[in-house]
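As structure tokens, the structure follows; a few thoughts come after it.
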Amino acid sequence: MVWEYGYYNKHLEALLDLEQERISWPQGSRLATIIQGFEYGKTEFGNHKLSNVIDAMDESHIPIRAPSKNGSRYINCKSFHSINLLGVVDHQGRFIYIHVGEAEISLHPEQWVPGGIHIIADAAYPL
């Protein structure tokens with residue numbers, strides 16, 4: 001199990017390094033390009049006609065040892081300790097946002113998504 005935690009830690013560190021250097025929420029012409037890509041593009045996700053979509057998101061629960069303080073904050077819906085990795089990708093599968101934190105996070109898309117624009121996600125995310 002120790003090897004697994006080391007493996008996860010290395011990947012988390014790499015993602016966080018990328019976030020600081022290259023990952024940013026799309027604006028202006030880049031935002032328009034992504035919206036057009038979801039509506040008209042042929043990408044690794046296949047052909048699609050998804051109007052007014054800015055990105056797709058999902059999460060992964062990365063197992064951790066129970067922290068000595070506030071351990072209950074890191075128990076996820078599957079009843080094990082984890083850190084939540086939320087990834088958001090554009091129409092080409094490139095990360096545009098990453099959040100690493102507690103197992104339960106609060107999303108407020110109205111803070112970053114213009115009105116009339118949509119985020120694709122699975123049923124775990126509220127409408």
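Structure notes:
- Taking 7 Å steps out from each Cα toward its Cβ at Ser51 and Lys10 produces label points 4.7 nm apart.
- Between Val113 and any residue 5 or more places off or on another chain, the built amide H atoms are never under 5 Å apart.
- For Leu50, nonlocal amide neighbours, meaning residues 5 or more places apart or on other chains whose placed amide H falls under 5 Å from its own, are Glu39.
All of the numbers you see were taken from the coordinates with simple rules; none came from a lab. Bear in mind that the values here come from a model prediction, so they are computed numbers and not experimental data. Reconstructed Cβ throughout: ideal geometry from the backbone, glycine too, with neighbour counts over all protein chains shown.
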